[in-house]
Amino acid sequence: MTMTTLTHTDTGWRLFLRTIVARAYPRIIGQQREKSWIFFETFLPFIATCGYVFVYRAMNAPEDYIGFVIVGGAMTAFWMNVMWSMSAQMYWEKENGNLALYIMAPNNMMAILLGMAIGGMFATTLRAIVIIVLGSWFFQVHFAIASFVQLFAVFMLTLTALYGLGMVFASLFLLFGRDAWQVVSLFQEPVYFLSGFYFPVKSFGFAVALIASVLPLTLGMDAMRQLSFASGPTLGFISVEIEIVGLMILSVMFIALAKYALSVIERKAIEEGTLTDRRR
Amino acid sequence: MLKTFRNTFFPAAWLGWQIESNWTDPFLFIIFSILKPIASVMILVFMYNAVSRNAADSPIYSYIYLGNAFYIYVGAVMAGGSYSILDDRERYRSLKYIYIAPINIPIYLLGRAVARFITGTIAVFITLSAGVLFFKVPLNILNINWLMLISAMILGVACLTFMGIVLGMWTLTLRTEPWFIGEAVAAALYLFSGAIFPITILPTILQPIGFIMPMTYWLELIRRSLLGSGAAAFPTLAGFSDIQLFGILGIITLAFGLIASFAYRFFDKVARDNGMIDAQSNF
(Lines give C-alpha, C1' and ligand atoms only; values in the text may rest on other atoms or scores of the structure.)
Protein backbone atom coordinates (compact mmCIF):
# COMPACT_ATOMS: atom_id res chain seq x y z
CA MET A 1 0.00 0.00 0.00
CA THR A 2 1.38 3.36 -0.88
CA MET A 3 0.80 6.33 1.35
CA THR A 4 0.04 9.67 -0.26
CA THR A 5 1.35 12.65 1.63
CA LEU A 6 -0.49 15.89 0.98
CA THR A 7 2.08 18.65 0.95
CA HIS A 8 2.65 21.78 -1.04
CA THR A 9 5.90 23.41 -1.87
CA ASP A 10 4.74 26.98 -2.21
CA THR A 11 7.02 29.56 -0.73
CA GLY A 12 7.44 33.32 -0.99
CA TRP A 13 4.64 35.20 -2.74
CA ARG A 14 2.77 32.04 -3.75
CA LEU A 15 2.52 30.93 -0.13
CA PHE A 16 1.64 34.51 0.86
CA LEU A 17 -1.24 34.60 -1.65
CA ARG A 18 -2.42 31.09 -0.74
CA THR A 19 -2.53 32.15 2.91
CA ILE A 20 -4.57 35.23 2.10
CA VAL A 21 -7.07 33.14 0.13
CA ALA A 22 -7.18 30.46 2.84
CA ARG A 23 -7.87 32.98 5.61
CA ALA A 24 -10.35 35.01 3.56
CA TYR A 25 -12.31 31.86 2.64
CA PRO A 26 -13.95 31.23 6.05
CA ARG A 27 -14.74 34.92 6.35
CA ILE A 28 -16.61 34.98 3.04
CA ILE A 29 -18.11 31.50 2.89
CA GLY A 30 -18.27 30.65 6.60
CA GLN A 31 -20.00 33.86 7.63
CA GLN A 32 -22.66 33.45 4.95
CA ARG A 33 -23.36 29.95 6.28
CA GLU A 34 -23.88 31.24 9.80
CA LYS A 35 -27.39 32.61 9.33
CA SER A 36 -27.62 34.04 12.84
CA TRP A 37 -24.49 36.14 12.22
CA ILE A 38 -25.99 37.59 9.07
CA PHE A 39 -29.16 38.44 10.95
CA PHE A 40 -27.54 39.97 14.03
CA GLU A 41 -24.75 41.80 12.21
CA THR A 42 -27.33 43.45 9.98
CA PHE A 43 -30.15 43.74 12.49
CA LEU A 44 -28.23 45.36 15.36
CA PRO A 45 -26.67 48.24 13.39
CA PHE A 46 -30.00 48.72 11.61
CA ILE A 47 -31.93 48.98 14.88
CA ALA A 48 -29.46 51.57 16.20
CA THR A 49 -29.67 53.42 12.90
CA CYS A 50 -33.47 53.53 13.10
CA GLY A 51 -33.18 54.95 16.62
CA TYR A 52 -31.01 57.83 15.44
CA VAL A 53 -33.27 58.45 12.43
CA PHE A 54 -36.23 58.84 14.78
CA VAL A 55 -34.20 61.22 16.96
CA TYR A 56 -33.67 63.46 13.92
CA ARG A 57 -37.37 63.14 13.08
CA ALA A 58 -38.21 64.23 16.64
CA MET A 59 -35.96 67.27 16.13
CA ASN A 60 -37.56 68.05 12.74
CA ALA A 61 -34.14 67.83 11.09
CA PRO A 62 -33.68 68.31 7.32
CA GLU A 63 -34.20 65.07 5.37
CA ASP A 64 -30.55 64.81 4.30
CA TYR A 65 -29.62 64.18 7.92
CA ILE A 66 -31.67 60.99 7.77
CA GLY A 67 -29.46 59.93 4.87
CA PHE A 68 -26.36 60.86 6.88
CA VAL A 69 -27.53 58.50 9.64
CA ILE A 70 -28.19 55.67 7.17
CA VAL A 71 -24.67 55.98 5.76
CA GLY A 72 -23.27 56.12 9.31
CA GLY A 73 -25.35 53.11 10.32
CA ALA A 74 -24.04 51.08 7.37
CA MET A 75 -20.48 51.99 8.28
CA THR A 76 -20.98 50.81 11.88
CA ALA A 77 -21.13 47.29 10.43
CA PHE A 78 -17.55 47.79 9.21
CA TRP A 79 -16.34 49.23 12.50
CA MET A 80 -17.93 46.36 14.45
CA ASN A 81 -16.36 43.89 12.07
CA VAL A 82 -12.94 45.54 12.37
CA MET A 83 -13.10 45.60 16.16
CA TRP A 84 -14.70 42.23 16.97
CA SER A 85 -13.56 40.09 14.03
CA MET A 86 -10.26 41.73 13.17
CA SER A 87 -8.71 43.50 16.14
CA ALA A 88 -9.86 41.04 18.76
CA GLN A 89 -9.53 38.01 16.45
CA MET A 90 -6.01 37.10 17.53
CA TYR A 91 -7.14 37.45 21.12
CA TRP A 92 -9.99 34.97 20.45
CA GLU A 93 -7.51 32.65 18.72
CA LYS A 94 -5.35 32.79 21.83
CA GLU A 95 -8.37 32.04 24.03
CA ASN A 96 -9.28 29.07 21.83
CA GLY A 97 -5.73 27.77 21.64
CA ASN A 98 -5.37 28.34 17.87
CA LEU A 99 -2.80 31.11 18.05
CA ALA A 100 0.09 28.72 18.66
CA LEU A 101 -0.90 26.89 15.44
CA TYR A 102 -0.87 30.15 13.50
CA ILE A 103 2.59 30.98 14.79
CA MET A 104 3.98 27.47 14.15
CA ALA A 105 2.60 27.28 10.59
CA PRO A 106 5.07 28.21 7.81
CA ASN A 107 2.93 31.05 6.52
CA ASN A 108 3.32 34.75 7.08
CA MET A 109 1.21 36.34 9.85
CA MET A 110 0.80 39.45 7.71
CA ALA A 111 -0.86 37.29 5.06
CA ILE A 112 -3.23 35.89 7.69
CA LEU A 113 -4.21 39.41 8.72
CA LEU A 114 -4.65 40.47 5.08
CA GLY A 115 -6.84 37.43 4.45
CA MET A 116 -8.97 38.28 7.48
CA ALA A 117 -9.26 41.86 6.26
CA ILE A 118 -10.24 41.00 2.69
CA GLY A 119 -12.72 38.36 3.80
CA GLY A 120 -14.19 40.64 6.47
CA MET A 121 -14.45 43.54 4.02
CA PHE A 122 -16.37 41.47 1.49
CA ALA A 123 -18.72 39.84 4.00
CA THR A 124 -19.44 43.13 5.77
CA THR A 125 -20.01 45.01 2.52
CA LEU A 126 -22.99 42.73 1.88
CA ARG A 127 -24.42 43.60 5.31
CA ALA A 128 -23.77 47.33 4.79
CA ILE A 129 -25.58 47.20 1.44
CA VAL A 130 -28.59 45.62 3.15
CA ILE A 131 -28.62 48.41 5.77
CA ILE A 132 -28.36 51.10 3.07
CA VAL A 133 -31.11 49.55 0.96
CA LEU A 134 -33.48 48.90 3.87
CA GLY A 135 -32.78 52.30 5.45
CA SER A 136 -33.25 54.17 2.18
CA TRP A 137 -36.47 52.29 1.49
CA PHE A 138 -37.98 52.65 4.98
CA PHE A 139 -37.07 56.31 5.40
CA GLN A 140 -37.31 57.49 1.78
CA VAL A 141 -33.73 58.75 1.54
CA HIS A 142 -32.91 60.73 -1.60
CA PHE A 143 -29.36 60.36 -2.84
CA ALA A 144 -27.77 62.91 -5.16
CA ILE A 145 -24.51 61.27 -6.25
CA ALA A 146 -22.02 63.88 -7.46
CA SER A 147 -19.41 61.43 -8.78
CA PHE A 148 -19.64 57.64 -8.78
CA VAL A 149 -15.92 57.30 -9.49
CA GLN A 150 -14.92 59.45 -6.52
CA LEU A 151 -17.50 57.74 -4.31
CA PHE A 152 -16.12 54.30 -5.19
CA ALA A 153 -12.54 55.52 -4.65
CA VAL A 154 -13.42 57.00 -1.26
CA PHE A 155 -15.21 53.82 -0.19
CA MET A 156 -12.33 51.54 -1.19
CA LEU A 157 -9.70 53.81 0.38
CA THR A 158 -11.74 54.07 3.58
CA LEU A 159 -11.95 50.29 3.84
CA THR A 160 -8.25 49.88 3.07
CA ALA A 161 -7.26 52.36 5.77
CA LEU A 162 -9.85 51.00 8.19
CA TYR A 163 -8.77 47.38 7.84
CA GLY A 164 -5.14 48.53 7.99
CA LEU A 165 -6.01 50.03 11.37
CA GLY A 166 -7.69 46.73 12.25
CA MET A 167 -4.44 44.90 11.43
CA VAL A 168 -2.52 47.23 13.75
CA PHE A 169 -5.04 46.56 16.51
CA ALA A 170 -4.91 42.81 15.87
CA SER A 171 -1.22 42.86 16.71
CA LEU A 172 -1.66 45.09 19.74
CA PHE A 173 -4.55 43.03 21.10
CA LEU A 174 -2.20 40.08 21.46
CA LEU A 175 -0.69 41.96 24.37
CA PHE A 176 -4.03 42.18 26.17
CA GLY A 177 -5.43 39.71 28.61
CA ARG A 178 -8.85 40.00 30.18
CA ASP A 179 -8.89 43.72 29.36
CA ALA A 180 -9.23 43.05 25.60
CA TRP A 181 -12.98 42.79 26.01
CA GLN A 182 -13.24 46.17 27.71
CA VAL A 183 -10.91 47.81 25.19
CA VAL A 184 -13.12 46.69 22.29
CA SER A 185 -16.12 48.00 24.17
CA LEU A 186 -14.31 51.29 24.84
CA PHE A 187 -13.65 51.73 21.13
CA GLN A 188 -17.34 51.78 20.23
CA GLU A 189 -19.22 54.87 21.43
CA PRO A 190 -16.16 57.18 21.54
CA VAL A 191 -15.31 56.23 17.94
CA TYR A 192 -18.94 56.59 16.84
CA PHE A 193 -18.79 60.07 18.32
CA LEU A 194 -15.36 61.15 17.05
CA SER A 195 -15.92 59.81 13.54
CA GLY A 196 -19.29 61.54 13.27
CA PHE A 197 -21.26 58.39 12.49
CA TYR A 198 -24.56 60.22 13.01
CA PHE A 199 -23.75 63.91 12.45
CA PRO A 200 -21.37 65.92 10.24
CA VAL A 201 -17.88 66.24 11.81
CA LYS A 202 -17.89 69.87 10.73
CA SER A 203 -19.84 70.44 13.97
CA PHE A 204 -16.60 69.79 15.91
CA GLY A 205 -14.79 72.77 14.44
CA PHE A 206 -11.65 72.43 12.32
CA ALA A 207 -9.06 71.52 14.99
CA VAL A 208 -11.04 68.70 16.64
CA ALA A 209 -12.22 67.35 13.27
CA LEU A 210 -8.61 67.31 12.08
CA ILE A 211 -7.52 65.27 15.12
CA ALA A 212 -10.50 62.94 14.67
CA SER A 213 -9.37 62.40 11.06
CA VAL A 214 -6.73 59.96 12.26
CA LEU A 215 -9.65 57.52 12.27
CA PRO A 216 -10.25 56.58 8.61
CA LEU A 217 -14.03 56.60 8.99
CA THR A 218 -14.02 60.31 9.86
CA LEU A 219 -12.66 61.37 6.48
CA GLY A 220 -14.34 58.50 4.64
CA MET A 221 -17.85 59.20 5.85
CA ASP A 222 -17.49 62.95 5.44
CA ALA A 223 -16.39 62.47 1.83
CA MET A 224 -19.13 59.90 1.12
CA ARG A 225 -21.79 62.25 2.51
CA GLN A 226 -20.45 65.14 0.44
CA LEU A 227 -20.64 62.98 -2.67
CA SER A 228 -24.04 61.43 -1.93
CA PHE A 229 -26.35 64.18 -0.73
CA ALA A 230 -27.42 67.53 -2.13
CA SER A 231 -26.56 69.41 1.06
CA GLY A 232 -23.41 67.30 1.63
CA PRO A 233 -20.82 69.77 0.27
CA THR A 234 -22.11 72.60 2.49
CA LEU A 235 -21.82 70.36 5.55
CA GLY A 236 -18.46 68.85 4.62
CA PHE A 237 -15.36 69.25 6.73
CA ILE A 238 -12.78 69.73 3.94
CA SER A 239 -12.87 69.14 0.18
CA VAL A 240 -13.31 65.60 -1.10
CA GLU A 241 -10.00 65.74 -3.00
CA ILE A 242 -8.06 66.50 0.19
CA GLU A 243 -9.95 63.77 2.02
CA ILE A 244 -8.98 61.26 -0.70
CA VAL A 245 -5.31 62.19 -0.28
CA GLY A 246 -5.71 61.90 3.50
CA LEU A 247 -7.22 58.42 3.15
CA MET A 248 -4.35 57.34 0.87
CA ILE A 249 -1.83 58.47 3.49
CA LEU A 250 -3.76 56.69 6.27
CA SER A 251 -3.93 53.48 4.20
CA VAL A 252 -0.18 53.33 3.64
CA MET A 253 0.58 54.41 7.20
CA PHE A 254 -1.65 51.82 8.89
CA ILE A 255 -0.52 48.88 6.74
CA ALA A 256 3.15 49.78 7.32
CA LEU A 257 2.44 50.20 11.02
CA ALA A 258 0.68 46.82 11.11
CA LYS A 259 3.74 45.13 9.59
CA TYR A 260 6.00 46.80 12.14
CA ALA A 261 3.69 46.00 15.09
CA LEU A 262 3.46 42.38 14.02
CA SER A 263 7.24 41.99 13.82
CA VAL A 264 7.59 43.52 17.29
CA ILE A 265 4.93 41.21 18.72
CA GLU A 266 6.46 38.14 17.08
CA ARG A 267 9.88 39.03 18.49
CA LYS A 268 8.30 39.47 21.91
CA ALA A 269 6.62 36.08 21.55
CA ILE A 270 9.96 34.40 20.88
CA GLU A 271 11.76 36.24 23.69
CA GLU A 272 9.16 35.81 26.43
CA GLY A 273 7.30 32.69 25.34
CA THR A 274 4.09 33.99 26.92
CA LEU A 275 2.16 35.20 23.89
CA THR A 276 -0.05 32.15 23.64
CA ASP A 277 -0.61 31.92 27.38
CA ARG A 278 -4.37 32.42 27.85
CA ARG A 279 -4.16 32.59 31.64
CA ARG A 280 -2.90 36.17 31.60
CA MET B 1 -32.79 33.43 54.17
CA LEU B 2 -29.99 35.39 55.84
CA LYS B 3 -27.67 32.42 55.38
CA THR B 4 -28.51 32.31 51.66
CA PHE B 5 -27.71 35.98 51.33
CA ARG B 6 -24.48 35.58 53.29
CA ASN B 7 -23.34 32.57 51.28
CA THR B 8 -24.59 33.54 47.83
CA PHE B 9 -25.68 37.14 47.37
CA PHE B 10 -22.74 38.98 48.91
CA PRO B 11 -20.00 36.77 47.41
CA ALA B 12 -21.73 37.06 44.00
CA ALA B 13 -21.95 40.84 44.29
CA TRP B 14 -18.29 41.01 45.31
CA LEU B 15 -17.26 38.66 42.48
CA GLY B 16 -19.25 40.75 40.00
CA TRP B 17 -17.60 43.94 41.19
CA GLN B 18 -14.16 42.37 40.86
CA ILE B 19 -14.93 41.20 37.30
CA GLU B 20 -16.28 44.61 36.33
CA SER B 21 -13.50 46.67 37.88
CA ASN B 22 -10.24 44.84 38.43
CA TRP B 23 -9.29 44.16 34.81
CA THR B 24 -7.17 47.29 34.95
CA ASP B 25 -5.79 49.81 37.43
CA PRO B 26 -8.23 52.22 39.13
CA PHE B 27 -7.14 55.19 37.01
CA LEU B 28 -7.90 53.44 33.71
CA PHE B 29 -11.13 52.09 35.17
CA ILE B 30 -12.24 55.64 35.96
CA ILE B 31 -11.29 56.83 32.46
CA PHE B 32 -13.24 53.91 30.98
CA SER B 33 -16.22 54.66 33.22
CA ILE B 34 -16.25 58.30 32.09
CA LEU B 35 -15.46 57.96 28.37
CA LYS B 36 -18.13 55.48 27.31
CA PRO B 37 -21.26 57.17 28.71
CA ILE B 38 -20.02 60.66 27.89
CA ALA B 39 -19.24 59.71 24.28
CA SER B 40 -22.64 58.06 23.97
CA VAL B 41 -24.52 61.12 25.14
CA MET B 42 -22.28 63.52 23.18
CA ILE B 43 -23.41 61.84 19.97
CA LEU B 44 -26.95 62.98 20.79
CA VAL B 45 -25.83 66.42 21.99
CA PHE B 46 -23.97 67.02 18.72
CA MET B 47 -26.88 65.69 16.68
CA TYR B 48 -29.11 68.16 18.49
CA ASN B 49 -26.68 71.04 18.03
CA ALA B 50 -26.21 70.20 14.34
CA VAL B 51 -29.87 70.62 13.45
CA SER B 52 -31.76 72.42 16.15
CA ARG B 53 -32.26 76.13 16.35
CA ASN B 54 -33.74 75.70 19.82
CA ALA B 55 -31.72 76.22 22.97
CA ALA B 56 -30.86 73.52 25.48
CA ASP B 57 -33.97 74.38 27.49
CA SER B 58 -36.13 72.88 24.74
CA PRO B 59 -38.13 69.93 26.18
CA ILE B 60 -36.88 67.50 23.50
CA TYR B 61 -33.28 68.14 24.57
CA SER B 62 -33.87 67.11 28.20
CA TYR B 63 -36.08 64.27 27.01
CA ILE B 64 -33.30 62.81 24.87
CA TYR B 65 -30.51 63.47 27.36
CA LEU B 66 -32.23 61.95 30.39
CA GLY B 67 -33.64 58.99 28.46
CA ASN B 68 -30.21 58.15 27.11
CA ALA B 69 -28.58 58.56 30.54
CA PHE B 70 -30.98 56.27 32.39
CA TYR B 71 -31.07 53.74 29.59
CA ILE B 72 -27.54 52.82 30.72
CA TYR B 73 -29.26 50.75 33.43
CA VAL B 74 -30.99 48.63 30.80
CA GLY B 75 -27.69 47.61 29.23
CA ALA B 76 -26.04 47.15 32.61
CA VAL B 77 -28.69 45.30 34.60
CA MET B 78 -30.88 43.56 32.02
CA ALA B 79 -28.41 42.69 29.26
CA GLY B 80 -25.88 42.15 32.06
CA GLY B 81 -27.84 39.06 33.15
CA SER B 82 -27.07 37.46 29.81
CA TYR B 83 -23.40 38.50 29.89
CA SER B 84 -22.97 37.20 33.48
CA ILE B 85 -24.05 33.73 32.42
CA LEU B 86 -21.84 33.80 29.33
CA ASP B 87 -18.85 35.20 31.20
CA ASP B 88 -19.08 32.41 33.75
CA ARG B 89 -19.83 29.66 31.23
CA GLU B 90 -17.53 30.58 28.35
CA ARG B 91 -14.86 33.08 29.33
CA TYR B 92 -13.97 31.89 32.82
CA ARG B 93 -15.49 28.40 32.37
CA SER B 94 -16.57 28.45 36.00
CA LEU B 95 -20.34 28.05 35.69
CA LYS B 96 -20.17 24.27 36.11
CA TYR B 97 -18.41 24.77 39.47
CA ILE B 98 -20.90 27.43 40.51
CA TYR B 99 -23.74 25.06 39.65
CA ILE B 100 -22.45 22.26 41.86
CA ALA B 101 -21.62 24.63 44.72
CA PRO B 102 -24.17 24.76 47.59
CA ILE B 103 -25.57 28.14 46.54
CA ASN B 104 -28.86 29.50 45.22
CA ILE B 105 -28.46 30.28 41.49
CA PRO B 106 -31.19 32.97 41.16
CA ILE B 107 -29.76 34.74 44.23
CA TYR B 108 -26.31 34.41 42.67
CA LEU B 109 -27.61 36.13 39.51
CA LEU B 110 -29.17 38.88 41.64
CA GLY B 111 -25.80 39.38 43.33
CA ARG B 112 -24.05 39.66 39.96
CA ALA B 113 -26.68 42.20 38.89
CA VAL B 114 -25.78 44.38 41.89
CA ALA B 115 -22.24 44.87 40.59
CA ARG B 116 -23.55 45.89 37.19
CA PHE B 117 -26.07 48.19 38.89
CA ILE B 118 -23.19 49.90 40.72
CA THR B 119 -21.12 50.41 37.56
CA GLY B 120 -24.29 51.56 35.77
CA THR B 121 -25.01 54.04 38.56
CA ILE B 122 -21.49 55.46 38.25
CA ALA B 123 -22.05 55.93 34.50
CA VAL B 124 -25.48 57.54 35.01
CA PHE B 125 -24.11 59.87 37.69
CA ILE B 126 -21.23 60.93 35.42
CA THR B 127 -23.59 61.49 32.49
CA LEU B 128 -26.02 63.59 34.55
CA SER B 129 -23.21 65.60 36.12
CA ALA B 130 -21.71 66.31 32.69
CA GLY B 131 -25.18 67.27 31.48
CA VAL B 132 -25.62 69.87 34.22
CA LEU B 133 -22.03 71.15 34.13
CA PHE B 134 -21.27 71.20 30.40
CA PHE B 135 -24.36 70.51 28.30
CA LYS B 136 -26.93 72.84 29.88
CA VAL B 137 -29.39 70.15 30.90
CA PRO B 138 -31.98 72.01 33.01
CA LEU B 139 -31.69 69.88 36.15
CA ASN B 140 -31.98 71.50 39.53
CA ILE B 141 -31.19 69.28 42.49
CA LEU B 142 -33.59 71.29 44.69
CA ASN B 143 -36.52 70.68 42.35
CA ILE B 144 -36.13 66.92 42.08
CA ASN B 145 -38.99 64.86 43.46
CA TRP B 146 -36.74 62.44 45.35
CA LEU B 147 -39.51 60.19 46.66
CA MET B 148 -40.82 59.66 43.15
CA LEU B 149 -37.33 59.19 41.74
CA ILE B 150 -36.31 56.60 44.34
CA SER B 151 -39.64 54.74 44.08
CA ALA B 152 -39.39 54.65 40.27
CA MET B 153 -35.78 53.49 40.47
CA ILE B 154 -36.64 50.64 42.85
CA LEU B 155 -39.49 49.42 40.66
CA GLY B 156 -37.59 49.93 37.40
CA VAL B 157 -34.39 48.23 38.54
CA ALA B 158 -36.40 45.34 40.00
CA CYS B 159 -38.14 44.93 36.65
CA LEU B 160 -34.82 45.09 34.79
CA THR B 161 -33.34 42.49 37.15
CA PHE B 162 -36.23 40.11 36.52
CA MET B 163 -35.85 40.67 32.78
CA GLY B 164 -32.12 40.04 33.19
CA ILE B 165 -32.80 36.71 34.89
CA VAL B 166 -35.14 35.66 32.06
CA LEU B 167 -32.58 36.70 29.47
CA GLY B 168 -29.67 35.14 31.34
CA MET B 169 -31.42 31.80 31.78
CA TRP B 170 -32.55 31.81 28.15
CA THR B 171 -28.96 32.52 27.12
CA LEU B 172 -27.89 29.48 29.14
CA THR B 173 -29.84 27.24 26.79
CA LEU B 174 -28.32 28.67 23.59
CA ARG B 175 -25.33 27.26 21.80
CA THR B 176 -25.41 29.39 18.63
CA GLU B 177 -24.50 33.06 18.95
CA PRO B 178 -25.61 33.55 22.54
CA TRP B 179 -23.50 36.74 22.79
CA PHE B 180 -25.89 38.65 20.57
CA ILE B 181 -29.01 38.07 22.68
CA GLY B 182 -28.46 40.67 25.40
CA GLU B 183 -27.37 43.26 22.87
CA ALA B 184 -30.28 42.56 20.54
CA VAL B 185 -32.92 42.84 23.27
CA ALA B 186 -31.35 46.02 24.66
CA ALA B 187 -31.25 47.50 21.14
CA ALA B 188 -34.89 46.62 20.50
CA LEU B 189 -35.96 48.15 23.81
CA TYR B 190 -33.91 51.27 23.00
CA LEU B 191 -35.94 51.72 19.84
CA PHE B 192 -39.39 50.94 21.16
CA SER B 193 -39.33 52.31 24.72
CA GLY B 194 -39.06 55.96 23.75
CA ALA B 195 -35.69 56.28 25.44
CA ILE B 196 -34.38 58.93 23.06
CA PHE B 197 -37.51 60.03 21.20
CA PRO B 198 -41.23 60.05 22.00
CA ILE B 199 -42.84 56.80 20.82
CA THR B 200 -45.39 58.82 18.87
CA ILE B 201 -42.55 59.38 16.36
CA LEU B 202 -42.58 55.64 15.59
CA PRO B 203 -44.77 54.41 12.72
CA THR B 204 -48.33 53.92 14.00
CA ILE B 205 -48.17 50.16 13.59
CA LEU B 206 -45.13 49.92 15.88
CA GLN B 207 -46.35 52.24 18.64
CA PRO B 208 -48.30 49.54 20.58
CA ILE B 209 -44.97 47.71 21.16
CA GLY B 210 -43.75 50.79 23.01
CA PHE B 211 -46.80 50.77 25.27
CA ILE B 212 -46.17 47.24 26.51
CA MET B 213 -42.52 47.95 27.39
CA PRO B 214 -41.95 48.62 31.10
CA MET B 215 -39.10 50.99 30.21
CA THR B 216 -41.56 53.38 28.58
CA TYR B 217 -43.33 54.01 31.91
CA TRP B 218 -40.16 53.85 33.97
CA LEU B 219 -38.37 56.50 31.89
CA GLU B 220 -41.47 58.72 31.93
CA LEU B 221 -41.55 58.54 35.74
CA ILE B 222 -37.83 59.31 35.92
CA ARG B 223 -38.28 62.34 33.66
CA ARG B 224 -41.26 63.60 35.66
CA SER B 225 -39.37 63.24 38.94
CA LEU B 226 -36.33 65.09 37.59
CA LEU B 227 -37.97 67.77 35.46
CA GLY B 228 -41.36 68.26 37.08
CA SER B 229 -43.76 70.05 34.77
CA GLY B 230 -41.09 70.29 32.03
CA ALA B 231 -41.52 66.57 31.38
CA ALA B 232 -45.14 67.02 30.36
CA ALA B 233 -44.29 68.67 27.03
CA PHE B 234 -44.78 65.43 25.10
CA PRO B 235 -48.29 64.11 24.77
CA THR B 236 -47.42 60.38 24.61
CA LEU B 237 -48.10 59.60 28.27
CA ALA B 238 -49.47 62.99 29.30
CA GLY B 239 -52.90 61.45 29.88
CA PHE B 240 -51.53 59.22 32.65
CA SER B 241 -51.18 60.45 36.21
CA ASP B 242 -48.09 59.59 38.25
CA ILE B 243 -50.09 57.04 40.25
CA GLN B 244 -51.33 55.38 37.06
CA LEU B 245 -47.79 55.16 35.71
CA PHE B 246 -46.61 53.61 38.98
CA GLY B 247 -49.54 51.19 38.84
CA ILE B 248 -48.73 50.07 35.29
CA LEU B 249 -45.02 49.75 36.05
CA GLY B 250 -45.82 47.84 39.25
CA ILE B 251 -48.07 45.37 37.42
CA ILE B 252 -45.49 44.80 34.66
CA THR B 253 -42.75 44.35 37.28
CA LEU B 254 -44.88 41.81 39.14
CA ALA B 255 -45.58 40.01 35.87
CA PHE B 256 -41.86 39.86 35.05
CA GLY B 257 -41.19 38.57 38.59
CA LEU B 258 -43.55 35.66 37.93
CA ILE B 259 -42.16 35.13 34.42
CA ALA B 260 -38.61 35.14 35.84
CA SER B 261 -39.55 32.51 38.41
CA PHE B 262 -41.11 30.30 35.75
CA ALA B 263 -38.34 30.98 33.20
CA TYR B 264 -35.66 30.07 35.73
CA ARG B 265 -37.16 26.65 36.38
CA PHE B 266 -37.92 25.98 32.72
CA PHE B 267 -34.60 27.09 31.19
CA ASP B 268 -32.63 25.51 34.04
CA LYS B 269 -34.20 22.14 33.22
CA VAL B 270 -33.60 22.60 29.47
CA ALA B 271 -29.96 23.56 30.10
CA ARG B 272 -29.37 20.57 32.39
CA ASP B 273 -31.12 18.14 30.03
CA ASN B 274 -29.15 19.38 27.01
CA GLY B 275 -25.80 19.57 28.77
CA MET B 276 -25.52 23.33 28.32
CA ILE B 277 -24.11 24.22 31.75
CA ASP B 278 -20.52 23.82 30.53
CA ALA B 279 -21.15 24.30 26.78
CA GLN B 280 -18.81 26.38 24.66
CA SER B 281 -20.19 28.38 21.75
CA ASN B 282 -16.68 28.67 20.29
CA PHE B 283 -16.61 32.44 20.28
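The values are calculated or read from the model by the stated rules, or taken from the named source; none is laboratory data. Nothing here was measured: the structure is a model prediction, and the numbers come from that model. Backbone-built Cβ (ideal geometry, glycine too); neighbour counts: all protein chains shown. These area figures cover heavy atoms from the full protein model, side chains too; ligands, DNA and RNA do not enter into them. Shrake-Rupley method; radii C 1.70, N 1.55, O 1.52, S 1.80 Å.
Before moving on, here are some points about what is shown:
- Inter-label distance for A:Thr11 and B:Gln18, nm, one decimal - labels placed 7 Å from Cα along Cα-to-Cβ: 5.2 nm
- Once A binds B, the 1.4 Å probe can no longer reach about 3900 Å² of accessible area, counting both sides.
- Solvent-accessible area of B:Ile107 with every protein chain in place, 1.4 Å probe, in Å² to the nearest 10: 30 Å²
- Membrane-span-like helices in chain B (whole DSSP H runs, Cα extent of at least 27 Å along the helix axis, mean Kyte-Doolittle hydropathy of at least 0.0): B:26-51, B:105-133, B:146-172, B:242-273.
- B:Val132/A:Arg57 FRET efficiency (R0 35 Å; Cβ-Cβ; nearest 0.05): 0.80
- Relative contact order, whole percent, for chain B stands at 28, derived from Cα pairs under 8 Å and 6 or more residues apart.
- Where trypsin sites (Lys or Arg not before Pro) fall in DSSP loop in segment B:1-101, at most 14 other Cβ within 10 Å: B:Arg53, B:Arg93
- Relative counts (whole %) of C-alpha pair distances in the protein assembly as shown, using bins that are 10 Å wide: 3, 16, 26, 27, 18, 7, 2, 0, 0, 0
- Spacing of the two label points (7 Å from each Cα toward its C-beta) at A:Ile211 and B:Ile212, in nm: 4.8 nm
- Working ranking of peptides A:105-113, B:238-246, B:258-266 by packing, defined as the average number of other Cβ atoms within 10 Å per residue, highest first, is A:105-113, B:258-266, B:238-246.
- Computed FRET value (nearest 0.05) for A:Leu101 with B:Thr176, which takes r as the C-beta separation and R₀ as 30 Å: 0.80
- Distance between modelled label sites at B:Ala255 and A:Phe122, nm, 7 Å Cα→Cβ extension: 4.8 nm
- Taken over segment B:2-273, the alpha-carbon convex hull comes to 151 cubic angstrom per residue.
- Of A:Ser171, A:Ile112, A:Val69, farthest towards positive along the dipole that unit charges on Lys, Arg, Asp, Glu beta carbons give chain A: A:Ile112
- In summary, the lysines within cross-link reach of A:Lys259, defined as a Cα separation below 26 angstrom excluding same-chain residues under 8 places away, comprise A:Lys94, A:Lys268.
- The mean sequence distance of close C-alpha pairs (under 8 Å, at least 6 residues apart), as a share of the length of chain A, puts its relative contact order at 25 percent.
- Linear extension gain, A:Tyr260 paired with A:Phe39, 0.36 nm per residue minus alpha-carbon span: 75.9 nm
- Lys-Lys pairs in segment B:2-273 that are eight or more residues apart or on separate chains and whose Cα atoms lie under 27 Å of each other come to 4.
- With K and R counted +1 and D and E -1, the other residues having a Cβ less than 14 Å from that of B:Arg272 yield a net charge of +1.
- Counting Cβ atoms of other protein chains within 10 Å of each residue's Cβ and taking the mean over peptide A:189-199 gives 5.
- Taking every residue in A:46-58 and counting other chain Cβ atoms within 10 Å of its Cβ, the average works out to 6.
- For the pair B:Gln280 and B:Asp25, a Förster radius of 22 Å applied to the C-beta separation gives a FRET efficiency near 0.10, rounded to the nearest 0.05.
- Long-range tail of P(r) for chain A (Cα pairs > 23 Å, %): 56 percent
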